[in-house]
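The values are calculated or read from the model by the stated rules, or taken from the named source; none is laboratory data. Here the structure is a predicted model, which is why all the values come from computation and not from measurement. Please note: Cβ atoms are built from the backbone with ideal geometry, for glycine as well, and neighbour counts cover all protein chains shown. Each accessible area value is taken on the protein alone, full model and side chains, heavy atoms only, with ligands, DNA and RNA left out. Shrake-Rupley method; radii C 1.70, N 1.55, O 1.52, S 1.80 Å.
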Amino acid sequence: MRASAAVAVELEGVSHVYVNSRGAFPALEEISLQVAQGEFVSLIGPSGCGKTTLLSLISGLLTPTAGLVRVAGEPIEYPTSRVGYMLQQDYLFPWRTIYENASLGLELMGKLDSAAKELVLELLHDMGLSEFADRYPHQLSGGMRQRVALVRTLATEPDILLLDEPFSALDYQTKLQLEDLVAITLRMRNKTAILVTHDITEAIAMSDRIVVLQPNPGRIKAFVDVPAAIRETLPFQAREKPGFHDLFHKLWGFFHEMDVRGETANG
Ligand code: ADP
Ligand code: MG
């Protein structure tokens with residue numbers, strides 16, 4: 001974490017146990033983590049290690065069984081507009097136009113005034129979607145629909161974005177293009193972001209720092225800083241930078257130690 005920047009997200013000894021009729025399932029144990037304002041952090045780890053649970057705790061959708069989650073210094077107990085959550089599936093409503101989908105969050109919050117409408121149009125423009133504002137989701141490609149979902153998330157002006165595998169349902173070329181677009185958009189607006197991905201190359205290309213989680217129960221295995229030369233380059237070009245492959249092998253090594261070969265076959 002950059003020492004000078006304010007802390008945007010802080011987890012202190014966070015554990016989470018799911019309880020249902022079949023018993024109690026510890027999903028996360030003793031997670032302590034700080035994310036600085038403007039920092040981009042990726043969470044990687046094998047399936048079931050608690051990545052989505054961690055995002056749900058930060059968003060306030062879940063309350064931890066133990067420990068504390070703070071956003072901008074305040075304990076978080078329920079979802080707030082400070083934190084935007086974008087999922088793998090775009091969840092656009094088929095009967096609403098692109099503009100109506102993009103402005104949905106603002107509408108639900110009762111904040112769709114003329115300034116907010118301007119912002120939605122500006123974001124649609126930045127995402128190359130201006131001419132599709134009056135179309136419907138089924139008329140757009142998967143990558144375009146994810147861009148609409150990103151506009152909807154950004155339109156409520158959250159300080160922190162939680163991105164749960166937002167690119168994983170897209171074809172490889174679209175995913176690479178979208179990585180650059182998202183990186184540019186978030187940097188321009190100095191947003192803090194936490195990305196969950198199963199793609200090691202994506203984590204390296206997009207992040208300032210990577211948190212590796214191990215399963216059963218989910219714990220932090222390692223914090224890995226991404227070298228400046230890679231951080232300062234947009235994701236597509238970052239893959240060509242010296243140091244990229246060394247870092248890939250280091251992270252790959254962690255997965256081997258966890259004995260979950262084949263879980264992350266990308267790159
Ligand atoms: P990831 O996103 O890393 O794949 P999750 O956070 O979805 O992991 O899940 C972590 C663990 O918690 C898994 O073992 C999963 O089966 C379990 N889990 C997730 N949601 C629930 C739930 N609602 N009830 C019980 N167990 C759950
Ligand atoms: Mg998940």
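Scanning segment 192-205 for residues that are of a type in the set (S, T, N, Q), touching a residue at least 24 places away in the same chain (Cβ under 8 Å) and within 27 Å of Thr156 (Cα to Cα) turns up at least one hit. Tell me yes or no: at least one residue of segment 126-136 is more than 16 Å from ligand 2 (Cβ to nearest atom), assigned to a helix (DSSP H, G or I) and within 21 Å of the chain's Cα centre (by Cα). Yes. Taking (1) in contact with a strand residue (DSSP E or B) (Cβ under 9 Å, 6 or more places away or on another chain); (2) open to solvent by 30 Å² or more (accessible area, probe 1.4 Å); (3) not assigned by the TED database to the domain that holds Ile184 in turn, Leu121 satisfies each apart from (1).
For the criterion of being buried (at least 18 other Cβ atoms within 10 Å of the Cβ), in the same structural domain as Lys51 (by the TED database), closer than 25 Å to Gln173 by Cβ and not hydrophobic (A, V, I, L, M, F, W, C), Thr192 fails.
Just one of the listed residues (Gly13, Gly67, Gly23, Gly48) is over 26 Å from Thr185 (Cα atoms), away from ligand 2 (no atom under 16 Å from the Cβ) and out of contact with any strand residue (DSSP E or B) (no Cβ under 7 Å at 6 or more places or on another chain), and it is Gly23. Do we find that Ala115 is touching a residue at least 40 places away in the same chain (Cβ under 8 Å), among the aliphatic types (A, V, I, L, M) and more than 20 Å from Gly142 (Cα to Cα) in this structure? The answer is no for Ala115.
Can you name every residue in segment 25-82 that is over 23 Å from Glu202 (Cα atoms), within 16 Å of ligand 1 (Cβ to nearest atom), open to solvent by 30 Å² or more (accessible area, probe 1.4 Å) and part of a loop (DSSP other than H, G, I, E, B)? Selection gives Leu61, Leu62, Thr63, Thr65. Residues in segment 83-98 that are open to solvent by 50 Å² or more (accessible area, probe 1.4 Å) and either over 23 Å from the mean Cα position of the chain (by Cα) or closer than 30 Å to Glu30 by Cβ (or both): Tyr85, Leu87, Gln88, Pro94, Trp95. If you go through segment 171-228 and pick out every residue that is of a type in the set (Gly, Ala, Ser) and over 17 Å from the mean Cα position of the chain (by Cα), you end up with 3.
Looking for something within 27 Å of His198 (Cβ to Cβ) and modelled with pLDDT of 95 or more - is there at least one such residue anywhere in segment 90-105? Yes, there is a match, as at least one residue in segment 90-105 is within 27 Å of His198 (Cβ to Cβ) and modelled with pLDDT of 95 or more. Within segment 1-24, restricting attention to residues that are in a loop (DSSP other than H, G, I, E, B) and small (Gly, Ala, Ser), which residue is least open to solvent (accessible area, probe 1.4 Å)? Selected residue: Ala5.
Within segment 185-238, how many residues are assigned to a loop (DSSP other than H, G, I, E, B) and within 16 Å of ligand 1 (Cβ to nearest atom)? Summing the residues that are assigned to a loop (DSSP other than H, G, I, E, B) and within 16 Å of ligand 1 (Cβ to nearest atom) in segment 185-238 gives 6.
Report whether or not Leu234 is touching a Cys at 6+ places or on another chain (Cβ under 7 Å) and hydrophobic (A, V, I, L, M, F, W, C). It is false that Leu234 is touching a Cys at 6+ places or on another chain (Cβ under 7 Å) and hydrophobic (A, V, I, L, M, F, W, C). Scanning segment 15-71 for residues that are more than 17 Å from the chain's Cα centre (by Cα) and without any contact (Cβ under 8 Å) to a residue 40 or more places away in the chain gives Tyr18, Val19, Asn20, Ser21, Arg22, Gly23, Ala24, Phe25, Thr63. Inspection of segment 153-174 finds no residue satisfying the criterion of being out of contact with any Leu (no Cβ under 8 Å at 6 or more places or on another chain), of a type in the set (Phe, Trp, Tyr), open to solvent by less than 60 Å² (accessible area, probe 1.4 Å) and outside any strand (DSSP E or B).
When the criteria are applied in full, Glu202 meets the requirement of being out of contact with any Gly (no Cβ under 6 Å at 6 or more places or on another chain), surrounded by 21 or more Cβ atoms within 10 Å (Cβ to Cβ), of a type in the set (Asp, Glu) and modelled with pLDDT of 95 or more.
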